[in-house]
Amino acid sequence: MSFAQQKLSELAVAIPGATKIFREYDLDFCCGGSALLEVAAQQKNLNLAEIEARLANLQQQENREKNWSDAPYNELIEHIIERFHNRHREQLPELITLAEKVENVHADREDCPVGTAALLEKIHAELSQHMMKEENILFPMIKMGNYAMVAMPIRVMEMEHDEAGQDVEVLKSITNHLTPPKDACFSWRALYSGINAFIDDLMHHIHLENNILFPSVLNEK
């Protein structure tokens, strides 16, 4: 089967590093991961052949990134907490501070990203609750092998992932897809760079859960 006829989520799992390519093309491999690559590319008027060539090249390369599909649940969970949960807790307060500064200083400009700080505060509050539920409820269930009870918590987590994905789309919209004006100050550029890094991390975080951890655990029942 060609890459074109495979789901984004399947490719993201099968080819380490594919998630970075999908992010570059703004292809949603998490919440929209059920879409075929061909369909997703057509919807955004992307060059399918170019994307397939990059995926093929990536697949052929010797990639040292760990294949989390084969990792024990405990190891993957600890990686998610250390690499993503803790990182999000560091990222968002700083981004909120930067957004407030940019909005306060440049409020008189038409291209000022008004509403960014408020949306980041919403994301911070909701993501904090989400991660707490994973760490205190879902992840301990998985670690204890209590697979018969995980279906409902996982469904809730997936719904919250979808909501986070919707917030990210709004964030892109009000920031001109994270493209600062040519005369943007350092804080403005730093804000957009930081948001872009946060989105990268969030999408990979959701990918590891939606496409690897959750399906595997549900198959244990």
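Side notes on the structure shown:
- Looking at A117, A99, A125, A107, just one residue is assigned to a helix (DSSP H, G or I), of a type in the set (A, V, I, L, M, F, W, C) and open to solvent by 30 Å² or more (accessible area, probe 1.4 Å), and that residue is A125.
- Of the residues examined, E134 is one that is within 26 Å of K66 (Cα to Cα), at pLDDT 95 or above and either open to solvent by less than 50 Å² (accessible area, probe 1.4 Å) or out of contact with any Ser or Thr (no Cβ under 8 Å at 6 or more places or on another chain) (or both).
- Residues of segment 138-189 classified as in a helix (DSSP H, G or I) and touching a Lys or Arg at 6+ places or on another chain (Cβ under 8 Å), total: 8
- Cβ-Cβ distances below 7 Å connect the following pairs, each with a first residue in segment 1-29 that is under 12 Å from I212 (Cβ atoms) and not assigned by the TED database to the domain that holds A164, a second residue that is of a type in the set (V, I, T) and surrounded by fewer than 21 Cβ atoms within 10 Å (Cβ to Cβ), and a separation of six or more residues or different chains: V13/I212.
- Members of segment 23-42 found to be at pLDDT 90 or above and open to solvent by less than 20 Å² (accessible area, probe 1.4 Å), listed by number: L27, L37, A40, A41
- Filter result (closer than 13 Å to L92 by Cα and surrounded by fewer than 15 Cβ atoms within 10 Å (Cβ to Cβ)) within segment 186-195: S193
- The lone criterion from (1) small (G, A, S); (2) open to solvent by 30 Å² or more (accessible area, probe 1.4 Å); (3) within 19 Å of F214 (Cβ to Cβ) left unmet by A53 is number (3).
- Failed item in (1) modelled with pLDDT under 95; (2) more than 17 Å from H207 (Cα to Cα); (3) surrounded by fewer than 18 Cβ atoms within 10 Å (Cβ to Cβ), with N45 passing the rest: (1)
- Pick from segment 152-167, criterion touching a residue at least 40 places away in the same chain (Cβ under 8 Å) and open to solvent by less than 40 Å² (accessible area, probe 1.4 Å), ranking: nearest to H207 (Cα to Cα): H161
- Among residues of segment 178-194 that are within 14 Å of I96 (Cβ to Cβ), those with a beta-carbon under 6 Å from a residue that is among the basic types (K, R) at least six positions away or on a different chain give the pairs S187/K101.
- When restricted to residues that are of a type in the set (A, V, I, L, M) and assigned to a helix (DSSP H, G or I), segment 10-46 contains 10.
The values are calculated or read from the model by the stated rules, or taken from the named source; none is laboratory data. What you see is a predicted model; the values in this text were computed from it and never measured. So basically every Cβ, Gly included, is an ideal-geometry build from the backbone, and we count neighbours across all protein chains shown. Ligands, DNA and RNA are stripped out before the accessible areas are found, and what is left, the full protein with its side chains, is counted by its heavy atoms. Shrake-Rupley method; radii C 1.70, N 1.55, O 1.52, S 1.80 Å.
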